[in-house]
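Each remark here refers to the structure printed beneath this line.
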Amino acid sequence: MNQTDTEQKIVILGAGPTGLGAAYRLQELGYRNWAIYERNNYVGGLATSFVDDAGFTYDIGGHVMFSHYPYFDDLVDKLLGDNYTEIMREAWVWIMDRFVPYPFQNNISYLPKEIVLECVLGLIEAQKNPDALKRAQNFDDLIDAQFGAGIAKYFMKPYNFKVWAHPVSHMSRDWLGERVAMPNLERILGNIILDKADKGWGPNNKFKYPLYGGTGGLYQPFVKYIRDHLHLDKTAVTIDQHAKQIHFSDGEIVDYDLLLSTMPLDLLVTRLDNPPDTVRDAIKGLHHSSGLIVGVGIQRPCPSEKCWLYFPEDHAPFYRVTYLSNYSPYIVPDPDNNFLLLSETSYSPHKEEDKATIIDRVIEGFLNTGLIEPADLDRIETTYLIDVDYSYPVPTLDRNAALGTIQPYLSDHQIYSRGRFGAWQYEIGNMDHSVMQGVEWVNRWLLNEPEVTWNDFSHHAAPVNGTIHGTLGHGQITSRRYPYSVKTANGYVD
Ligand SMILES: Cc1cc2nc3c(=O)[nH]c(=O)nc-3n(C[C@H](O)[C@H](O)[C@H](O)COP(=O)(O)OP(=O)(O)OC[C@H]3O[C@@H](n4cnc5c(N)ncnc54)[C@H](O)[C@@H]3O)c2cc1C
């Protein structure tokens, strides 16, 4: 008997980092009866990169490779070999017409003196009242209780609204972990009095970046390991969880025993065959932001060694800009004479953005914040717009109950939803987490090991109230001609 006759058929939906991690692990363990289906004609998902006609490479927003796992590190070494750059984190906040090193709260000494005083007094006041921190019901309360009124007003609240495109009062307080540096009053006062820059926070002080092909350059090499099982241009339109069959848009029907889905969880539920009302209703508790990623290629040497910048204020639409050409010399056609700025602007029903004017507004924002000078307007060589429908899974107050209702129903039907939007858990939504969610899911089935990254919220299952905020469609890249001598490129992505 053929080995595949005795193995359960494993099907993976989506060839982003999660699906690729699972696929790689299946072949590494010598499993045979599996297949991976991807609706795009390329792999990589949100970690894909695109090259335009002018030869500039764009990531879908600045991607910094964090790592929390030896397995992931080894995999990156294997996939990239020597083809990577290693970059020291140089992150800054643009505020009050100046650059402040990140994390903002440790570097308030860079601000005007009266603002420094306001921030410090707010912090002292907050720290006098530790009960407020314990009582904090949501991210809004937590910001006030932890950072005090000044830092909350100038940075934490406006910045977080710009990123998440959701009111911070709708967000839970539980997801923070290492994502937000908690303020240490002694350290902050020391930095102020000694006039010291304090950049040494976080897991991402130094990071690797693929030498070739942008962030996508890490995911392309997966293909040679999984080629025989990979099916591109295959969009799953319905999933019959009772018959254990996937129906693709080209009419093909594929059977599975176990299904690993990495598509957005809310879309997965809408594609099931008549799921219970409780499950269908629970997707109202899943909220996401969308993003407009605008890249601008400029014809002059890069004026800065910075990596990325945060923008809490209103004079620019974006919340973050990356000097992507500082990550690898192959991002631009001629690194001695070009640089590439990549901006990210979020949107949602809570924060609408006019897509028709976003490129102009981003360029105006670059001028307002000193990233480019007026003479650069004539040096703009190319612009590129990526409209990302599913950008950030927002950790809202109703999320865990929604997950606790949906995921057990799926797993009862041998469907396992993992990854950035499959698990819908921002706190495990980076590339390393995503790859490892795929790897660990395979380890669970083949090696009987627990999944350690993915959080099971089944104990949160509860009636879910709330309204649906997201759009349930597919995103698309759009591009248009900018009224200078600009080349554009087209593509399509989630
Ligand atoms: C703006 C932005 C900035 C980011 N910055 C960072 C960063 O700095 N560091 C970091 O580590 N990570 C970052 N990330 C996160 C990173 O991109 C994700 O961790 C990763 O791409 C998630 O992988 P995934 O496979 O779970 O999901 P995805 O990448 O979304 O892949 C899912 C795949 O499923 C496919 N699919 C969807 N529906 C169907 C269907 N019906 N049929 C078949 N296939 C389907 C999609 O086409 C896609 O290829 C960022 C993401 C964004 C959007």
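Please treat every number below as a calculation from the coordinates, not as lab data. The model shown is predicted, which means the values in this text are computed figures rather than measured ones. In this analysis, Cβ positions are derived from the backbone assuming ideal geometry, glycine residues included, and neighbour counts consider all displayed protein chains.
Counting only DSSP beta bridges whose two residues both lie in the chain, roughly 75 percent are antiparallel. So how far, in whole Å, is the C-alpha centre of region 414-447 from the one of region 228-266? Cα centroid to Cα centroid, the span is 17 Å.
Applying the Karplus relation 6.51 cos²θ - 1.76 cosθ + 1.60 with θ = phi - 60° to region 370-384 yields 3J(HN,Hα) values of x, 6, 10, 10, x, 5, 5, 4, 7, 9, 5, 9, 7, 9, 8 Hz, where x marks Gly and Pro. For region 264-343, the relative contact order works out to 30 percent when only alpha carbon pairs closer than 8 Å and six or more residues apart are counted.
As an exercise, use a Förster radius of 30 Å and the Cβ-Cβ distance of TYR212 and LEU232 to find the FRET efficiency, rounded to the nearest 0.05.
On the way: r = 21 Å, r/R0 = 0.70.
The calculated FRET efficiency here is 0.90.
Once the Cα-Cα distance is subtracted from the 0.36 nm per residue extended length, the ASN129 to ASP174 segment shows a gain of 14.2 nm. Among 220-230, 307-317, sorting by the average number of other beta carbon atoms lying within 10 angstrom of each residue, highest first, gives 307-317, 220-230. Net charge dipole, region 104-193: roughly 120 debye, given to the nearest 20, about the Cα centre with Cβ charges of +1 for Lys and Arg and -1 for Asp and Glu.
Karplus-derived 3J(HN,Hα) values for region 263-272, using 6.51 cos²θ - 1.76 cosθ + 1.60 with θ = phi - 60°, are 6, x, 4, 5, 5, 4, 4, 5, 9, 6 Hz; glycine and proline are entered as x.
Structural descriptor for region 213-365: relative contact order 19 percent, calculated from alpha carbon pairs under 8 angstrom and at least 6 residues apart. When you restrict to C-alpha pairs under 8 Å that are six or more residues apart and normalise by the size of region 104-193, the relative contact order lands at 37 percent.
The listed peptides 298-305, 32-39, 417-424, 343-350, ordered by packing as a protection proxy, come out as 417-424, 343-350, 32-39, 298-305 (highest mean of other Cβ atoms within 10 Å first).
Compute the FRET efficiency between ALA375 and ASP97 as 1/(1 + (r/R0)^6), taking r as their Cβ-Cβ distance and R0 = 22 Å, and round to the nearest 0.05.
Details: r = 20 Å, r/R0 = 0.91.
Rounded to the nearest 0.05, the efficiency is 0.65.
Simple spin-label estimate for SER458 and LYS113 gives 6.2 nm between the two label positions (7 Å along the Cα-to-Cβ direction from each Cα).
Selection among ALA91, TYR110, MET65 by position relative to the dipole of the chain gives TYR110 as farthest towards the positive end (Cβ unit charges, Cα centre).
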